[in-house]
Each structure stands twice: as structure tokens, then as C-alpha cells.
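Step one of this worksheet: look at the structure below.
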């Protein structure tokens, strides 16, 4: 009976890890294109840089073993634990969203700090441009928001940043990363 159940699960895509928040995986150091990344918990992570998005890998397995679903609100980061929830703010529009990290990347540039799923890029309004300036900081969303993101839904809408805060972040971005 157990063999039949295992066979049925395998036929239904049981080779993917279920979408869950446990265990949180940090992982060992790894090297991509000559750069070594050292995953670590960083509860105070708060960075400015560029976000890009990816979506053609639909159905592939992401780093934490889950199935990649481009319409979900997920992202990839080089070193934060998987999963981690982050708040991503578009420095272009001031729009803020919660994103669940479940993959590793981006690996093409030091100024790109997060890769977003197509769904996350659409929510931020950056899908057409392909990339955009963002602020990424670790978040501790409510269990309701975590549950929504684990099911592929959006979390509760976050208020846009006040114009004065957004202006200060844009100024910091230009000084530290480069022109918008």
C-alpha cells in the first residue's frame, strides 16, 4: 500500500518540496561565476539596488526545492535564508509589496540585489521595463500574509512610502548605486 501511495505521489509531481516556511535553510557557501556567496541570516538586511524579474523557468525546481510558479509573489536572493520574507519598494513609484524568497540569484551584477517572479514584477509595475531601482528589507509579516504568499496569493497591500521618505531613498540610491 505504501509503495502504491509513493508511486501516485511521484506521478503527481511529488518530487517538489511542499510550499512551507519550515525548515528555514541557510545553506553552505557556494560559488557562481567566480564569486563566492555566503548565506547567512541578516534580520536587519536593508539594501538599495536593482531588481530584475524572471519567468521563463515555469515548473522548474527553485533552490529550496519548491516548484517555480511565475505568477506567484516570490523572489531570489544570493544570501538570505530560504524562505525569507522581504519588503520590496519600487524607488520609481514608491509602491511596496511583500515577497517570499525561495530561490538563489541574481548572479549577473553586483547592483542587482533581487530577482523577482513575473507576478512580483507586475505588482511593482516593473515588468515592462525588465528592471528597476528598489529597496529590499527583511520583513516579519503576519501569519495571514505569510499564508497568502505560500498559496500564491498577494499579501495585504502596503501603503506607499511618504514622498519625503521616497525622495531620501532615491538620493541615497543615486549616491550609492548610481543614477536611476
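If residue 5 satisfies every condition in (1) outside any loop (DSSP other than H, G, I, E, B); (2) modelled with pLDDT of 95 or more; (3) over 29 Å from residue 174 (Cβ atoms) but one, which is the exception? Failed condition: (2). Helices (runs of 4 or more DSSP H) fully within the range 108-180 that include at least 3 residues being more than 20 Å from residue 69 (Cβ to Cβ): 163-176. Taking the criterion of being more than 24 Å from residue 174 (Cα to Cα) and at pLDDT 95 or above, the only residue of the range 43-65 that qualifies is 43.
Scoring residue 143 on the criteria (1) under 24 Å from residue 165 (Cα atoms); (2) surrounded by fewer than 18 Cβ atoms within 10 Å (Cβ to Cβ); (3) at pLDDT 95 or above leaves a single failure, condition (1). No other residue among 148, 167 is crowded, with 18+ Cβ neighbours inside 10 Å, over 30 Å from residue 29 (Cβ atoms) and free of Cβ contacts under 8 Å to residues at least 40 places away in the same chain apart from 148. Of note, residue 105 satisfies the criterion of being under 13 Å from residue 62 (Cα atoms), touching a residue at least 12 places away in the same chain (Cβ under 8 Å) and assigned to a loop (DSSP other than H, G, I, E, B).
Within the option set 135, 104, being modelled with pLDDT of 95 or more, in contact with a helix residue (DSSP H, G or I) (Cβ under 7 Å, 6 or more places away or on another chain), under 20 Å from residue 43 (Cα atoms) and crowded, with 17+ Cβ neighbours inside 10 Å holds for one residue only, 135.
Can you give me the ranges of the strands (runs of 3 or more DSSP E) entirely in the range 19-85 with at least 3 residues that are buried (at least 19 other Cβ atoms within 10 Å of the Cβ) and in contact (Cβ under 8 Å) with a residue 12 or more places away in the chain? Walk me through it before giving the result.
On the way: elements: 30-32, 35-37, 46-54, 74-76.
By residue number, 46-54, 74-76.
Of the residues in the range 113-125, at least one is surrounded by fewer than 21 Cβ atoms within 10 Å (Cβ to Cβ) and closer than 18 Å to residue 161 by Cβ.
The values are calculated or read from the model by the stated rules, or taken from the named source; none is laboratory data. Note that this is a predicted model, so its numbers are computed, not measured. Counting neighbours? That spans all protein chains shown, and the Cβs are built from the backbone with ideal geometry, glycine included.
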